[in-house]
């Protein structure tokens, strides 16, 4: 079993859990009773000892073992856990509680690192490297990329190619004759002959009723159809039929069927002026992806990249 599966060290989860830990510990600390005077005196004494080790770093506020915690670390933790408004409103006591939680999480991290094997430490470094690269890449894109504009021509083309997204559609009314059983041999041939005969007539419903009285397992239906239904095969069949055209015999789930479009009505989409903003919103992410692709291609051209083939084992 590898390190990742044994320890559950999914880095994205750990990063979120770290922020949660800071906030949780801070909140728990805020709920504790006030310290006794003697405890406060002892803590002040401890703080003075710590301070003597930090003179070399003006930004340092605490030293845990050999690791320095800076004012920047505290500010970042506060912003990460309570947000900008919360950071603005947080008083000195609240900031102290957050600092205590950072100290505790640092101790936990040091203890856990000491308990890891060499292989496990390497896996941690790999995940840290990947997370660092991800943060830097996102920052690079944020600072170096701007979305390509969505032009009026693009909006118009999208509108014309996708009228169905704005209420435009064609409604076809069709008739269908369907055999209700899977037949073989002469019985099947006889039924198909009757279906084709009825297909050439003008009154499908009346002819089917006659066949039903003669004992044929057959049915007739009339329905409306838009561009898409629950059956893709029916969509394809009806899309290929002109008005009053009769289809050839098709088999759906083994049952013979014929179709005829008897009416076709077009519903116009909403005017472009009403959906222009909606289209721009839909195209903006696509333009951003294009911009990312462009800058990515340029970076790949400029970079010195060498793919190293793995050494062959003897």
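Values as computed for the structure displayed
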{"read-out": "Net lengthening on full extension, residue 295/residue 114 (0.36 nm per residue, minus Cα-Cα)", "value": "60.9 nm"}
{"read-out": "Cα→Cβ-extended label distance, 7 Å offset, between residue 125 and residue 105, nm", "value": "2.4 nm"}
{"read-out": "Spin-label pair residue 164/residue 252, simplified geometry with 7 Å Cα→Cβ offset, distance in nm", "value": "1.7 nm"}
{"read-out": "Over the range 168-314: Rg over Rh, Cα atoms, Kirkwood Rh", "value": "1.35"}
{"read-out": "Separation of the residue 282 and residue 212 label points, Cα + 7 Å toward Cβ, nm", "value": "4.2 nm"}
{"read-out": "Alpha-carbon gyration tensor eigenvalues x 5, square-rooted, for the range 245-291, Å", "value": "42, 19, 7"}
{"read-out": "Evaluated over the range 169-245, the Cα radius of gyration and Dmax, each in Å", "value": "13.8, 43"}
{"read-out": "The range 103-253 - convex hull of alpha carbons, volume per residue in Å³", "value": "307 Å³"}
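Bear in mind these aren't lab numbers, they're just calculated from the coordinates by the rules spelled out. Everything quoted here is computed from the prediction, not taken from an experiment. When we count neighbours, we look across all protein chains shown, and the Cβ atoms used for this are built from the backbone with ideal geometry, even at glycine.
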